[in-house]
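Data block below; observations after.
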Protein chains: 2
Amino acid sequence: MAAEEKEKKDFVRTVEGRTTFLVPQSSLTERVPPKTPAFFNPAARLNRDLSVLAYRAFAPSLTRKTFADSFTGIGARALRVAVEVPEIEKVYGNDINPVAIEAARKAAKINSVDSKCHFSIDEVCKFLLHGDSEGERFGIVDLDPFGTPAKHIDCVLRAVLDGGLVSITATDTAVLCGVYPEVCLRRYYGRPLNNSYGNETAIRLLLSLIALTASRLELSIRPLFVHAAMHYLRIYASVSVSSSEANDVYASIGYVMHCLQCGHRFKTEEYNNAKKCELCGSVMRTGGQLWTGPFHDREFVKKMMLEQSPDRQSKKVLDAAAEEESGIPYYFRADEISAKLRTNPHSVQNIIERLQSAGFVASKTVLNPSAFKTDARIDQILEALK
Amino acid sequence: MAAEEKEKKDFVRTVEGRTTFLVPQSSLTERVPPKTPAFFNPAARLNRDLSVLAYRAFAPSLTRKTFADSFTGIGARALRVAVEVPEIEKVYGNDINPVAIEAARKAAKINSVDSKCHFSIDEVCKFLLHGDSEGERFGIVDLDPFGTPAKHIDCVLRAVLDGGLVSITATDTAVLCGVYPEVCLRRYYGRPLNNSYGNETAIRLLLSLIALTASRLELSIRPLFVHAAMHYLRIYASVSVSSSEANDVYASIGYVMHCLQCGHRFKTEEYNNAKKCELCGSVMRTGGQLWTGPFHDREFVKKMMLEQSPDRQSKKVLDAAAEEESGIPYYFRADEISAKLRTNPHSVQNIIERLQSAGFVASKTVLNPSAFKTDARIDQILEALK
């Protein structure tokens, strides 16, 4: 009991957005936030800030205004939704750690949102399948696990309403970016590319798994917004019940071919592991199967931008998303191009303007502030910047 | 109430194996058994007979001797297990139809197995995740749905013990055998072959989906026995918790290439949709991705044969399984060969003997009594039989 008392004392109040959390002292001081007594990652603030904007933008279209936080920990995301997304009427947070749930319940009282918050201690799929207090599916379902979300994708999709939203984080970025390709293949059913745009391939592998799982359940997904940081990838997608749309899933699934020799890259519908590069003749690498369709919905991103005034970090991400040519499933890094040109680095903005005036499509990307997207081939890019 | 009373009166006793069922009169008289008042298919007797043999063969190795029947209907399979697989200590049967469950409960009393039978009315994934009366996973989990099992594979795998057994039926044979290839691709993540051995490709597509879903959940499967009839395919596989074995899943996943022109077929690890036939130069069809490993475990099949004395139909299936070269992922039909030879039909037994004496591997297959498996190419088969 003495240890438990001590544990309780070790929780401190901290404020994020307009919400107060009760977090373990150690999570604010240690470099890697520990799992005991409860997990809280202060560095995931941008992740939660963007969630609040996304859920505010999405909530008006929901038929049931409920939110489920599958791995809620000390309730950080659930509490922010309860406080900062007023349109959501009921918030359900779940975790296997009772100490974390106790902190979440106390913090709900502190924020005066305890009447709309329901916290539970259960295995995540059981929680998700149980549904809301009427046993119905949830309007919005979030999944933000330690490591891979691959194991729980079907439970998340089973738990969300027709016309609802799922938001899913992956933190197994080493796997998704190509360090353990065989693990990637069995978790995400696609091959990663361990190259200069590995995180874009990664996010598209995650989207592909979600889309293919959905189609097996006679559902279809539509990605609305994605972003990434060093240690995580995150997607937002709406979900509809439609076996005819499910049948079309492969229209958005394909491959990215990449030449490690000359940097040529393109998207293709067909897998071909012996493909030679049309520019330099080297054997190309294959990424995928992966999601090749757009991953931002510009209207949705604009709605997010209108919700509250986003802080500087969120604004930077949303500005890039609003502009991004997200139907191009790869990007080019400015330093990669400069190295090939043997020139001083061009700024991303400068590259984009020069490509556009040469008649190409070009944009920023949320996945890397030092990179750009274009429909120009690498030889055409080098030519335009000479 | 009058209608309900009538419904109850319409249930009649019928005996299968050593077990008495209460079945709707209409299911014994109508050509297609109706879903109301409850579903029961008398024609699935062979399916249930073989289940009893398989569960008796598997039960001794179980650490928890429990059985879950996900779509139990009037309890047919659950009751036969309760009566005829004495090693199983608890039987859990679930259905969404309360009329069916009432018939199952009454029949459990009639068979004096009501103390070991637990019947419930719930959505199938909720039932499966709930576990046994201690909330633990089940030793054996059966899934025998109307139509495709694809939607529920994740739930079945989550519900079974480490070292347990899953048995799964698919009745969407039109999809799996190639009538609706785009539906097959989204349900089973592989392309069907609408040809003379379509049901073998079908069963391997089902096995592949199960294996790939398992590997995502850090599980591995080992097929023990499969069989097929006109309207269904059925597999038995043991399940183990092992992320290292899960990583190896693609060692048993590949493709079958088939030439519609000359009948040449072979298995390959790589997808190649432009492959030309080495015998006649035509473009080949691709089946898969699909399970290319063995699908019978001979030791297990022999154990099944030692359980009770199987009736004639079951014995025929088991004899073929015990002999089958199930690592060859396709078969040849005797009539297909005779047509090419322009001769009177050879018997399967005769073909097998002639191929074996020519030095080839050759066997029967459970998937078609008029067909054989061999490692000989089609030109070598024709040569050997000339």
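So that you can scan it fast, the table gives a plain yes or no per residue for (1) touching a residue at least 40 places away in the same chain (Cβ under 8 Å); (2) touching a helix residue (DSSP H, G or I) at 6+ places or on another chain (Cβ under 9 Å); (3) among the hydrophobic types (A, V, I, L, M, F, W, C):
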residue: A:Glu89; (1), (2), (3): no, no, no
residue: A:Asp122; (1), (2), (3): no, yes, no
residue: A:His130; (1), (2), (3): no, yes, no
residue: A:Ser133; (1), (2), (3): yes, no, no
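Test B:Ile121 against the stated conditions and say whether it is at pLDDT 95 or above and either surrounded by fewer than 19 Cβ atoms within 10 Å (Cβ to Cβ) or under 18 Å from B:Arg234 (Cβ atoms) (or both).
Details: at pLDDT 95 or above: yes; either surrounded by fewer than 19 Cβ atoms within 10 Å (Cβ to Cβ) or under 18 Å from B:Arg234 (Cβ atoms) (or both): yes.
For B:Ile121, the condition - at pLDDT 95 or above and either surrounded by fewer than 19 Cβ atoms within 10 Å (Cβ to Cβ) or under 18 Å from B:Arg234 (Cβ atoms) (or both) - is met.
Look through A:Phe40, A:Phe67 and report the one residue that is part of a loop (DSSP other than H, G, I, E, B) and either buried (at least 17 other Cβ atoms within 10 Å of the Cβ) or among the aromatic types (Phe, Trp, Tyr) (or both). Before you say what the answer is, go through the steps one by one.
Details: A:Phe67 fails: part of a loop (DSSP other than H, G, I, E, B).
Just one listed residue meets the conditions, A:Phe40.
Condition check ((1) within 11 Å of chain A (Cβ to nearest Cβ); (2) crowded, with 24+ Cβ neighbours inside 10 Å; (3) under 17 Å from B:Phe67 (Cβ atoms)) across all residues:
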{"site": "B:Gly163", "(1), (2), (3)": "no, no, yes"}
{"site": "B:Thr171", "(1), (2), (3)": "no, no, no"}
{"site": "B:Cys184", "(1), (2), (3)": "yes, yes, no"}
{"site": "B:Thr201", "(1), (2), (3)": "no, yes, no"}
{"site": "B:Leu205", "(1), (2), (3)": "no, yes, no"}
{"site": "B:His231", "(1), (2), (3)": "no, no, no"}
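How about the stretch B:342-359: which of its residues are surrounded by 14 or more Cβ atoms within 10 Å (Cβ to Cβ) and closer than 25 Å to B:Gly281 by Cα?
none
Please indicate, with yes or no, whether at least one residue in the stretch B:259-270 is within 14 Å of chain A (Cβ to nearest Cβ) and more than 25 Å from B:Leu355 (Cβ to Cβ). Let's see the steps before the verdict.
From the stretch B:259-270, those within 14 Å of chain A (Cβ to nearest Cβ) are B:268-270; that's our starting set.
Then drop every residue that is not more than 25 Å from B:Leu355 (Cβ to Cβ), which leaves B:269-270.
Checked the stretch B:259-270: at least one residue is within 14 Å of chain A (Cβ to nearest Cβ) and more than 25 Å from B:Leu355 (Cβ to Cβ).
If a residue must be buried (at least 24 other Cβ atoms within 10 Å of the Cβ) and within 14 Å of another protein chain (Cβ to nearest Cβ), how many such residues does the stretch A:220-229 contain?
1
So which residues in the stretch B:117-161 are of a type in the set (A, V, I, L, M) and more than 9 Å from chain A (Cβ to nearest Cβ)? Let's see the steps before the verdict.
Initially, the stretch B:117-161 is screened for residues of a type in the set (A, V, I, L, M), giving B:121, B:124, B:128-129, B:140-141, B:143, B:150, B:153, B:156-157, B:159-161.
Passing the criteria: B:Ile121, B:Val124, B:Leu128, B:Ile140, B:Val141, B:Leu143, B:Val156, B:Leu157, B:Ala159, B:Val160, B:Leu161.
Can you find a residue that is acidic (Asp, Glu) and in a loop (DSSP other than H, G, I, E, B) anywhere in the stretch A:119-127?
Step one: of the stretch A:119-127, the residues acidic (Asp, Glu) are A:122-123.
Filter again for in a loop (DSSP other than H, G, I, E, B), leaving A:122-123.
Taking every residue of the stretch A:119-127 in turn, at least one turns out to be acidic (Asp, Glu) and in a loop (DSSP other than H, G, I, E, B).
Filter the stretch A:1-27 down to residues that are open to solvent by 40 Å² or more (accessible area, probe 1.4 Å) and modelled with pLDDT of 90 or more, then give me how many there are.
The qualifying residues number 4.
What residue, of A:Ile96, A:Ile74, is in contact with a Phe, Trp or Tyr (Cβ under 7 Å, 6 or more places away or on another chain), aliphatic (A, V, I, L, M) and either crowded, with 24+ Cβ neighbours inside 10 Å or within 20 Å of A:Lys126 (Cα to Cα) (or both)?
Of A:Ile96, A:Ile74, the one residue that is in contact with a Phe, Trp or Tyr (Cβ under 7 Å, 6 or more places away or on another chain), aliphatic (A, V, I, L, M) and either crowded, with 24+ Cβ neighbours inside 10 Å or within 20 Å of A:Lys126 (Cα to Cα) (or both) is A:Ile74.
Could you pull out the residue among A:Ser282, A:Ser244, A:Ser240 that is within 14 Å of another protein chain (Cβ to nearest Cβ) and open to solvent by 20 Å² or more (accessible area, probe 1.4 Å)?
After ruling out the rest, the residue left standing is A:Ser244.
For the stretch A:372-386, which positions are surrounded by fewer than 23 Cβ atoms within 10 Å (Cβ to Cβ) and within 22 Å of A:Arg298 (Cβ to Cβ)?
So the first thing to find is which residues in the stretch A:372-386 are surrounded by fewer than 23 Cβ atoms within 10 Å (Cβ to Cβ), and the list is A:375-380, A:382-386.
Listed by number, the residues that qualify are A:Asp375, A:Ala376.
For residues that are over 24 Å from B:Phe11 (Cα atoms) and at pLDDT below 95, tally how many sit in the stretch B:35-71.
0
Inspect all residues belonging to the stretch B:265-288 and state whether any of them is closer than 30 Å to B:Ala44 by Cα and over 13 Å from the mean Cα position of the chain (by Cα).
The first filter runs over the stretch B:265-288 and keeps only residues closer than 30 Å to B:Ala44 by Cα, leaving B:287-288.
Now drop any that are not over 13 Å from the mean Cα position of the chain (by Cα), which leaves B:287-288.
Within the stretch B:265-288, one or more residues are closer than 30 Å to B:Ala44 by Cα and over 13 Å from the mean Cα position of the chain (by Cα).
List the pairs whose first member sits in the stretch B:240-256 and is aromatic (Phe, Trp, Tyr), whose second member is open to solvent by 50 Å² or more (accessible area, probe 1.4 Å) and part of a helix (DSSP H, G or I), and whose Cβ atoms are under 8 Å apart, counting only residues at least 6 apart or on separate chains?
B:Tyr250/A:Glu182
Could you tell me which residue of the stretch A:97-116 is farthest from the other protein chains (Cβ to nearest Cβ), considering only residues that are within 17 Å of A:Thr36 (Cα to Cα) and part of a helix (DSSP H, G or I)?
First, the residues of the stretch A:97-116 that are within 17 Å of A:Thr36 (Cα to Cα): A:97-104.
When the remaining residues are screened for being part of a helix (DSSP H, G or I), the result is A:98-104.
Details: A:Pro98: 17, A:Val99: 22, A:Ala100: 22, A:Ile101: 19, A:Glu102: 23, A:Ala103: 26, A:Ala104: 23 Å.
Filtering first and then ranking leaves A:Ala103.
Under the condition of being within 19 Å of the chain's Cα centre (by Cα) and among the charged types (D, E, K, R), which residue from the stretch A:159-188 is nearest to B:Cys125 (Cα to Cα)?
A:Arg187
The values are calculated or read from the model by the stated rules, or taken from the named source; none is laboratory data. Everything quoted here is computed from the prediction, not taken from an experiment. Every residue, glycine as well, gets a Cβ built from its backbone with ideal geometry; the counts of neighbours run over all protein chains shown. For the accessible areas, the whole protein counts, side chains as well, though only heavy atoms, and no ligand, DNA or RNA atoms are used. Shrake-Rupley method; radii C 1.70, N 1.55, O 1.52, S 1.80 Å.
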